[in-house]
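Structure record follows, encoded as structure tokens.
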Amino acid sequence: HPKGYLSLEAHTDSDGDADHNLKLSEARAHAVKDYLINKGIDASRIVYKGYGETTPIAENTTPENKQLNRRTEIKILDN
């Protein structure tokens, strides 16, 4: 990958089927990729992956925590 590329990592809460959540997170990451390309970021600088419900940052026990787990993280990587 070129220097300064973007890694998009999308996540979901644990509601629903794990397979569905994985597909949902992939679609979420792809939507962010499309948005960034539309804003002028070169597509070759963007990689993306959906993780579904596998990497929560909070317990999926309250609506507020579930909202925290529904996210896309953008990392800027040097190599």
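The values are calculated or read from the model by the stated rules, or taken from the named source; none is laboratory data. Being a predicted model, the structure only gives us computed values, none of them experimental. Glycine also receives a Cβ, built like all others from the backbone with ideal geometry; neighbour counts cover every protein chain displayed. Accessible surface areas use protein heavy atoms only, side chains included; no ligands, DNA or RNA. Shrake-Rupley method; radii C 1.70, N 1.55, O 1.52, S 1.80 Å.
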> Setting aside same-chain residues fewer than 8 positions from Lys75, which aspartates and glutamates have a Cα under 14 Å from its Cα?
Replying inline: Glu9
> When Lys and Arg each count +1 and Asp and Glu each count -1, what net charge do the other residues less than 12 Å away from Glu64, Cβ to Cβ, add up to?
Replying inline: 0
> ³J(HN,Hα) across the stretch 15-21 via Karplus (A = 6.51, B = -1.76, C = 1.60, θ = phi - 60°), whole Hz, x for Gly/Pro?
Replying inline: 5, x, 6, 4, 4, 4, 5
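I'd like the antiparallel share, as a percent to the nearest 5, of DSSP beta bridges with both residues in the chain.
Values: 7 of 12 bridges.
In the chain, approximately 60 percent of DSSP beta bridges are antiparallel ones.
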>> Using Cα-Cα distances under 8 Å and only pairs 6 or more residues apart, what relative contact order does the chain have, in percent?
In response: 50
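Could you report the chain's accessible area per residue, 1.4 Å probe, as an integer in Å²? Walk me through the numbers on the way to the answer.
Numbers: 5070 Å² over 79 residues.
With the other protein chains kept in place, the chain gives 64 Å² per residue.
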> Using a Förster distance of 25 Å, how high is the FRET efficiency between Lys75 and His20, based on the Cβ-Cβ distance and rounded to 0.05?
Replying inline: 0.50
> What's the Cα-based Rg to Rh of the chain, Rh via Kirkwood?
Replying inline: 1.04
> Share of the chain's accessible area from carbon and sulfur, percent, 1.4 Å?
Replying inline: 52
